[in-house]
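A quick write-up on the structure given underneath.
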Amino acid sequence: MKYLIITGNPKKDGLCHLEEEELIKGCKDGGADAETLNVGKLGRCHVCGDGWGSCRTEHRCSFGGDGFDEAREKVKQADAFCFITPVYWGEMAEGLKSFFDRLRRCEATWQFEGKAAESAFGGKQVLLVASPGGSGNGLLSCLEQMDRFCRHTGAQIFDYIGVNRWNHDYKKKAIYAAARAMAEGREAGKSI
């Protein structure tokens, strides 16, 4: 199994990095290969033409040469995912949000043609992890934002995990366990 951790975290350390370490350990212990894809430096959507461009008609970004095409190819090759982000103003990190805005336009548009299964996320499992700092506020709205992306692109949500500085000691165990369970083939919605 290829497990892809997608983040837009602009920081070089902190809670998200500690969580990432737990994800990688859980994946490896469950028999999966894990890789982190940081999309934080990719550009935003150019909203081509009258609001749509080649993303709608050809399922590709006209400006993909900025690293977007390579990132999207990694997404297509992955079997399972974790979206992990610090929380800013109740939302994902801006770089991750920008990437998802572009990716959603290319992947969700398969539904317009009745081919939702063609999406790079179609039926694949995703673990959602959000980590608010400071007050710890904004966790739920950030998870909801990632949830909405999954619903638009056909991804199957495995679990939602919110981590802050007060609960990191026990949530890191949950992150490890979730990644390991996914790597071992557990499916969301199935009782154990």
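The values are calculated or read from the model by the stated rules, or taken from the named source; none is laboratory data. Predicted model, so just to flag it, every value in this text is computed and none were measured. Counting neighbours? That spans all protein chains shown, and the Cβs are built from the backbone with ideal geometry, glycine included. Surface accessibility is based on the protein's heavy atoms, side chains included, excluding ligands, DNA and RNA. Shrake-Rupley method; radii C 1.70, N 1.55, O 1.52, S 1.80 Å.
Summed over the residues of region 44-177 and divided among them, the accessible surface reaches 48 Å² per residue at a probe radius of 1.4 Å.
Only Lys, Arg, Asp and Glu carry charge here, each on its Cβ (+1 for the first two, -1 for the last two); on that basis the chain has a dipole of about 140 debye about its Cα centre. With q set to 0.13, 0.20, 0.32 Å⁻¹, the log10 of I(q)/I(0) for region 51-102, from the Debye formula over equal scatterers at the Cα positions, is -0.39, -0.85, -1.22.
Seen against the Cα atoms of the chain and their longest principal axis, helix 168-183 is set at about 60 degrees.
With each run of n ≥ 4 DSSP H residues scored as -39500 (n - 2.57), what mean residue ellipticity at 222 nm is computed for the chain after dividing by its residue count and rounding to the nearest 500 deg cm²/dmol?
Details: 6 runs with 74 residues, N = 192.
Dividing the helical sum by the residues of the chain leaves -12000 deg cm²/dmol.
I want the local charge near TYR88. Using Cβ-Cβ distances under 13 Å, sum +1 for each Lys or Arg and -1 for each Asp or Glu among the other residues. Spelling it out: positives minus negatives among the neighbours equals 0. Put simply, the amide H of VAL87, placed in the peptide plane, has neighbours under 5 Å in SER131, GLY133, leaving out anything fewer than 5 places away on its chain.
Net charge near HIS152: determine it from the other residues with C-beta under 9 Å of the C-beta of HIS152, scoring Lys and Arg +1 and Asp and Glu -1. Cβ neighbours under 9 Å give a net charge of +2. For the listed residue pairs LYS76/LYS172; LYS76/LYS190; LYS11/LYS115, the alpha carbons are over 29 angstrom apart in LYS11/LYS115. Loop-located chymotrypsin sites (Phe, Trp or Tyr not before Pro) in region 71-120 (DSSP state not H, G, I, E or B) with no more than 11 neighbouring Cβ atoms inside 10 Å: TRP89. Peptide packing for 50-58, 135-143 was compared via the average number of neighbouring C-beta atoms within 10 Å per residue; ordered from the highest value, the list is 135-143, 50-58. Taking all protein chains in place and a 1.4 Å probe, what share, in percent, of the accessible surface of the chain do carbon and sulfur account for? Carbon-and-sulfur percentage of accessible area, whole number: 49. Converting the Cα gyration tensor eigenvalues of the chain into ellipsoid dimensions via √(5λ) gives semi-axes, longest first, of 26, 19, 14 Å. For a paramagnetic label modelled on LYS2 (point 7 Å from Cα along Cα→Cβ), amide N atoms under 15 Å away belong, within region 102-137, to 120-122, 124-125. Per residue, the solvent-accessible area of region 1-41 (1.4 Å probe, heavy atoms of protein chains only, all protein chains present) comes to 51 Å². Each of THR36, ALA71, SER54 was scored by the projection of its Cα onto the charge dipole of region 19-82, and the greatest displacement toward the positive side belongs to SER54; charges sit on the C-beta of Lys, Arg, Asp and Glu.
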